[in-house]
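Each remark here refers to the structure printed beneath this line.
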Amino acid sequence: MKRMLPVTELARDERFLHMKIEDAVFDPRNLSPSAQRNTLAPTYENATDNARGLMHGIFVGEIQALEGAGRTCWDFDLGEARDQAPLGLKLDMARQCWDEARHVEISIKLGEHMGSEIGEFAEQTLLYEAACNPDPVLRLTGVNRALEGLAIDVFKTMRDFGTVLSDPVLEFAEDWMLADEVTHVKMGSDWLRRLTAQDPQRQKEALDFQKAVDKLFSFGGFRGEREENPVHLARNFRRLAGFSDDEISELVDIAASAFEEAQTQQASRVAAATQG
């Protein structure tokens, strides 16, 4: 079986429609003033449709997380060298595959419960692309700390959404998966520190890669701690997952910076349209 499988060779059937992350991030609709609000607030008129779209995003994200964890088990030779993976890390990734496969099944049922179906929304593949990094440590930070960290925030948001709407199915299922995500992020945090204990430069490179991924998924105000952010940072769960208070504060700053950049871009678009 091929190692380092490119994103273009992922197995998908005709139900799946692929879109580039750049198209999602820079979609004018996501940068417009009307988009800078909490689109999951129960009082927002399209909140249920947005929740269904987010649920579909969770579903495809779980597929990619399964693929990424499985690739980590296969892509690296067993060992302690920089381009190898210790046995313990591979065992943790195998355990994560088990969890992610269960999450895929749960997410399909939740999508049906919410009135959606596979392929109703497009799939972007940044999660898997982060899982293609040839350095196992950068792969850990990009996937297990950045993207699985985002999953913590998203699952808590969706759990709370189910609570507000008195939907016990959504509330229970999201809470169940949230517990798994805390474990996945904790594994990434532990292995990052273990594998870079004697190499601070490698740790810095890995954390810089994590910040870049975090910023992408905070763009346009999707995640943050403002009232208008649809997804809020789950501080307590991140602490359980191995994030320090300083790291959480830095993530808040990254989210705020991404939000300000989105507003600046929107202002530039409006100015250009007016001049044109």
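The values are calculated or read from the model by the stated rules, or taken from the named source; none is laboratory data. As the structure is a prediction and not an experimental result, all values here were calculated from the model. Please note: Cβ atoms are built from the backbone with ideal geometry, for glycine as well, and neighbour counts cover all protein chains shown. Keep in mind that these areas ignore ligands, DNA and RNA; they rest on the heavy atoms of the full protein, side chains included. Shrake-Rupley method; radii C 1.70, N 1.55, O 1.52, S 1.80 Å.
Residues VAL185, VAL213: which one is modelled with pLDDT of 95 or more, buried (at least 19 other Cβ atoms within 10 Å of the Cβ), within 21 Å of ASP99 (Cβ to Cβ) and not hydroxyl-bearing (Ser, Thr, Tyr)? Exactly one residue qualifies, and that residue is VAL185. Cβ separations smaller than 9 Å between residues 6+ apart or across chains give no pair from the stretch 226-246 residues that are at positive phi to residues that are modelled with pLDDT of 90 or more and part of a strand (DSSP E or B). Yes or no: the stretch 131-139 includes at least one residue that is open to solvent by 30 Å² or more (accessible area, probe 1.4 Å), closer than 14 Å to ILE58 by Cβ and not aromatic (Phe, Trp, Tyr). No: zero hits.
The listed residues are VAL164, VAL154, and the only one of them that is modelled with pLDDT under 95 and open to solvent by 40 Å² or more (accessible area, probe 1.4 Å) turns out to be VAL164. Of the residues GLY88, GLY115, GLY61, GLY119, the single one that is at pLDDT below 95 and within 25 Å of ARG238 (Cα to Cα) is GLY61. Residues of the stretch 167-178 being at pLDDT 95 or above and open to solvent by 60 Å² or more (accessible area, probe 1.4 Å), which ones? Once the filter is applied, which keeps residues that are at pLDDT 95 or above and open to solvent by 60 Å² or more (accessible area, probe 1.4 Å), the stretch 167-178 yields PRO168, VAL169, GLU171, PHE172, ASP175.
Looking across the stretch 193-228, the residues that are assigned to a loop (DSSP other than H, G, I, E, B), among the acidic types (Asp, Glu) and under 21 Å from MET158 (Cα atoms) come down to GLU225, GLU227, GLU228.
Looking across the stretch 72-126 at every residue that is among the aromatic types (Phe, Trp, Tyr) and in a helix (DSSP H, G or I), the one that is surrounded by the most Cβ atoms within 10 Å (Cβ to Cβ) is identified as TRP74.
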